[in-house]
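K.L.:
Got a structure here, written out as structure tokens. Questions coming.
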Amino acid sequence: MESISNITLSEKKHETKRIWVNGTFDVLHRGHFELLKYASSLGKLRVGIDYDGRVSELKGPTRPVNVWEDRAFVMSLIKGVDSVVGFATQEDLEKNIKNWEPDILVVGSDYKGKEVLGSQYAKEVVFFNRIPDYSSTKIINYGKDSSSW
């Protein structure tokens, strides 16, 4: 019986607050996992992922490395992620955030002092300190440099 009530308490905890995180999530690294772990500890986590065209606009013509369907599939399997949605434009992103009605929007600390899209639809914005030396671009570039092997 104890395990059943523990599950119920855990489920209630995650239902109390709605948490939103968004990003490209193209080549995952420890920083992404730390962000997701933290965000999911706050409540029920929905992750918004940029569609491929938007990633190309933001990151350049060689991105994304992984198509949206694969990025969403992997994200959906990560412990603590409750749901995944996609968006193609800033307007789509804001619409998704508005529809989710998050209690907390979690964003990287590199957005401190900048406009955080959709923040007007969240009760609170929390900045997550980036993990130094972790970067998808750095990983991709490392792979391109054959002398680094």
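K.L.:
Would you point out the residue of segment 92-114, among those that are surrounded by fewer than 16 Cβ atoms within 10 Å (Cβ to Cβ) and of a type in the set (S, T, N, Q), that is farthest from Gly31 (Cα to Cα)?
P.N.:
This residue is Asn99.
K.L.:
Right, another one. In the list Leu77, Leu45, which residue meets the criterion of being out of contact with any helix residue (DSSP H, G or I) (no Cβ under 9 Å at 6 or more places or on another chain), among the aliphatic types (A, V, I, L, M) and more than 22 Å from Thr137 (Cβ to Cβ)?
P.N.:
Details: Leu45 fails: out of contact with any helix residue (DSSP H, G or I) (no Cβ under 9 Å at 6 or more places or on another chain).
Only one candidate qualifies: Leu77.
K.L.:
Kindly check whether there is at least one residue in segment 100-111 that is farther than 25 Å from Asp52 by Cβ and in contact with a Leu (Cβ under 7 Å, 6 or more places away or on another chain). Show your work before the answer.
P.N.:
Pass one, segment 100-111, residues farther than 25 Å from Asp52 by Cβ: 101, 103-104, 109.
Checking which are in contact with a Leu (Cβ under 7 Å, 6 or more places away or on another chain) leaves us with 104.
There is at least one residue in segment 100-111 that is farther than 25 Å from Asp52 by Cβ and in contact with a Leu (Cβ under 7 Å, 6 or more places away or on another chain).
K.L.:
Can you name the condition, by its number, that Leu117 falls short on among (1) exposed (fewer than 14 other Cβ atoms within 10 Å of the Cβ); (2) at pLDDT 90 or above?
P.N.:
Only one criterion is unmet by Leu117, namely (1).
K.L.:
State whether one or more residues within segment 34-42 are free of Cβ contacts under 8 Å to residues at least 40 places away in the same chain and either over 18 Å from Ser136 (Cα atoms) or not in a loop (DSSP other than H, G, I, E, B) (or both).
P.N.:
Yes, that holds for at least one residue.
K.L.:
Could you please give the count of residues in segment 80-119 that are part of a helix (DSSP H, G or I) and over 20 Å from Thr16 (Cα atoms)?
P.N.:
Within segment 80-119, the first condition is being part of a helix (DSSP H, G or I), and the residues that meet it are 90-100, 109-111, 119.
Pick out the ones that are also over 20 Å from Thr16 (Cα atoms) and you get 90-95, 109-111.
Total meeting the criteria: 9.
K.L.:
Just the residues that are surrounded by 17 or more Cβ atoms within 10 Å (Cβ to Cβ), at negative phi and either within 11 Å of the chain's Cα centre (by Cα) or among the small types (Gly, Ala, Ser) (or both), please, taken from segment 42-70. Give the steps one after another, and end with the answer.
P.N.:
As a first pass, look at segment 42-70 and keep what is surrounded by 17 or more Cβ atoms within 10 Å (Cβ to Cβ): 42-52, 54-55, 59, 63-64, 66, 68.
Of the ones still in play, those that are also at negative phi are 42, 44-52, 54-55, 59, 63-64, 66, 68.
Once the filter is applied, which keeps residues that are surrounded by 17 or more Cβ atoms within 10 Å (Cβ to Cβ), at negative phi and either within 11 Å of the chain's Cα centre (by Cα) or among the small types (Gly, Ala, Ser) (or both), segment 42-70 yields Leu45, Arg46, Val47, Gly48, Ile49, Asp50.
K.L.:
Evaluate segment 61-70: report whether one residue or more is in contact with a helix residue (DSSP H, G or I) (Cβ under 8 Å, 6 or more places away or on another chain), within 20 Å of Gly43 (Cα to Cα) and not in a loop (DSSP other than H, G, I, E, B).
P.N.:
no
K.L.:
Please go through (1) touching a residue at least 12 places away in the same chain (Cβ under 8 Å); (2) exposed (fewer than 15 other Cβ atoms within 10 Å of the Cβ); (3) over 20 Å from Trp68 (Cα atoms) for Ala88 and return the number of the only condition it doesn't satisfy.
P.N.:
(3)
Okay, residues lined up against (1) over 14 Å from the mean Cα position of the chain (by Cα); (2) of a type in the set (Gly, Ala, Ser); (3) at pLDDT 95 or above:
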{"residue": "Ser76", "(1), (2), (3)": "no, yes, yes"}
{"residue": "Glu91", "(1), (2), (3)": "yes, no, yes"}
{"residue": "Ile97", "(1), (2), (3)": "no, no, yes"}
{"residue": "Leu105", "(1), (2), (3)": "no, no, yes"}
{"residue": "Asp110", "(1), (2), (3)": "yes, no, no"}
{"residue": "Glu124", "(1), (2), (3)": "yes, no, yes"}
{"residue": "Gly143", "(1), (2), (3)": "yes, yes, no"}
{"residue": "Trp149", "(1), (2), (3)": "yes, no, no"}
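The values are calculated or read from the model by the stated rules, or taken from the named source; none is laboratory data. Please read all numbers here as calculations on a predicted model, not as lab measurements. When we count neighbours, we look across all protein chains shown, and the Cβ atoms used for this are built from the backbone with ideal geometry, even at glycine.
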